[in-house]
Amino acid sequence: MANQKSSFLTFNHLIICLILLLLSKSPQIHSTCRNFCNNIPINYPFSIDDGCGAPQYRRMLNCSATDLFFTTPSGNYKVQSIDYEKQTMTIFDPSMSTCSILQPHHDFKMSEIQSAIIPPSPDTIFILVNCSIDSPVLNHYKSLCFNFSGHSCDELYGSCTSFKLFHLLSNSTPACCFTGYETVKYMSMDILDCTHYTSVYNTDRLQGVGPLDWLYGMKLSFSVPDTGCARCAKSGGTCGFDVETEMAQCICSSTSNSTRDCAGGREINFADSYRASSYPQLHLLYILALLAISYSILLR
């Protein structure tokens, strides 16, 4: 009798483990999306929750307790503002050199998709500082350097406390280069043979403005995918996507998603979608329950 009870308990434990395993495989509906990170609004196409926004911008933003960061292969950049009307995002690299602070040299890198859908804007320039006379941008690729609103290397080294050091060490004005993102995209700082870089945005407004008052950082121009998001938002939903297939979805609540909108679209009921997607699991659970009942009757 004791052996029968032991076998029954072992069998029941096995059934319970199988049931828990099957339940862990059941589909889950994404919770509603957060629309703020501290004081910065998070709207389509961006998101700080997986499954929200546009899949092209997936995991590009990271929200901490104090700041919002734009993540690229070269690091995390603090987001200062997002202008959804002008479709621009302003970011700042805390480890970038500026007119007042000299930082260790490093590269700015974006992924291929970031370079395509959210590149630095045309009025963002990169300033390569303390370049060797052998630098490619001073020789074969000197056409990559351009005039920046009448500003010069002399002005940069003379006005900025951080860059004056290079002037003092060389007893002359080291070369510099005002250039666009494409230059630093394809050539690292080591290839460019310049020790540091800084970046400035809104350059069309900086004519006659000294380096101390330039706007240091980068302005990125983003595109908004046309996936019918306006219809979803108008119906009270939030634009998102399936985390596995990355197909567009309209997130209506924490328990319901739709393919188009939350009012007139083909709304998917949570219970219906659960039954449809997990019918094999439910069928197996039913068989396991019958086996457990049958086994317990045989042991009596």
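The values are calculated or read from the model by the stated rules, or taken from the named source; none is laboratory data. Since this is a predicted model, take the numbers as computed values, not measurements. All Cβ positions, even for glycine, are placed from backbone atoms using ideal geometry, and neighbour counts span all protein chains on display. Areas reflect the complete protein model, heavy atoms only, side chains present, ligands, DNA and RNA absent. Shrake-Rupley method; radii C 1.70, N 1.55, O 1.52, S 1.80 Å.
Residue pairs whose Cβ atoms lie under 9 Å apart, separated by 6 or more positions or on different chains, with the first residue in segment 169-189 and closer than 29 Å to P73 by Cα and the second of a type in the set (D, E, K, R) and assigned to a helix (DSSP H, G or I), are C177/K142. For segment 194-209, enumerate the residues that are more than 25 Å from the chain's Cα centre (by Cα), open to solvent by less than 30 Å² (accessible area, probe 1.4 Å) and among the hydroxyl-bearing types (S, T, Y). Correct list: T203 only. Taking residues in segment 85-99 that are surrounded by fewer than 15 Cβ atoms within 10 Å (Cβ to Cβ), and partners anywhere that are part of a loop (DSSP other than H, G, I, E, B), the pairs with Cβ atoms closer than 7 Å and at least 6 places apart or on different chains are S95/Q103; S95/H106. All conditions in (1) under 18 Å from M218 (Cβ atoms); (2) open to solvent by 40 Å² or more (accessible area, probe 1.4 Å); (3) touching a Pro at 6+ places or on another chain (Cβ under 8 Å) hold for I113, with the sole exception of (3).
Restricting segment 105-131 to residues that are part of a strand (DSSP E or B) and at negative phi leaves a set whose member that is nearest to the chain's Cα centre (by Cα) is P120. The residue that is surrounded by the fewest Cβ atoms within 10 Å (Cβ to Cβ), counting only those in segment 210-230 that are touching a residue at least 12 places away in the same chain (Cβ under 8 Å) and touching a Leu at 6+ places or on another chain (Cβ under 9 Å), is L215. Residues in segment 132-167 that are part of a helix (DSSP H, G or I) and charged (D, E, K, R) were compared, and the one that is most open to solvent (accessible area, probe 1.4 Å) is K142.
Scanning segment 59-75 for residues that are open to solvent by less than 50 Å² (accessible area, probe 1.4 Å) and either outside any loop (DSSP other than H, G, I, E, B) or within 22 Å of K185 (Cβ to Cβ) (or both) yields M60, L61, C63, L68, F69, F70, T71, T72, S74, G75.
In the set (1) among the small types (G, A, S); (2) open to solvent by less than 30 Å² (accessible area, probe 1.4 Å); (3) outside the structural domain of A116 (by the TED database); (4) over 26 Å from the mean Cα position of the chain (by Cα), the condition left unmet by G240 is number (4).
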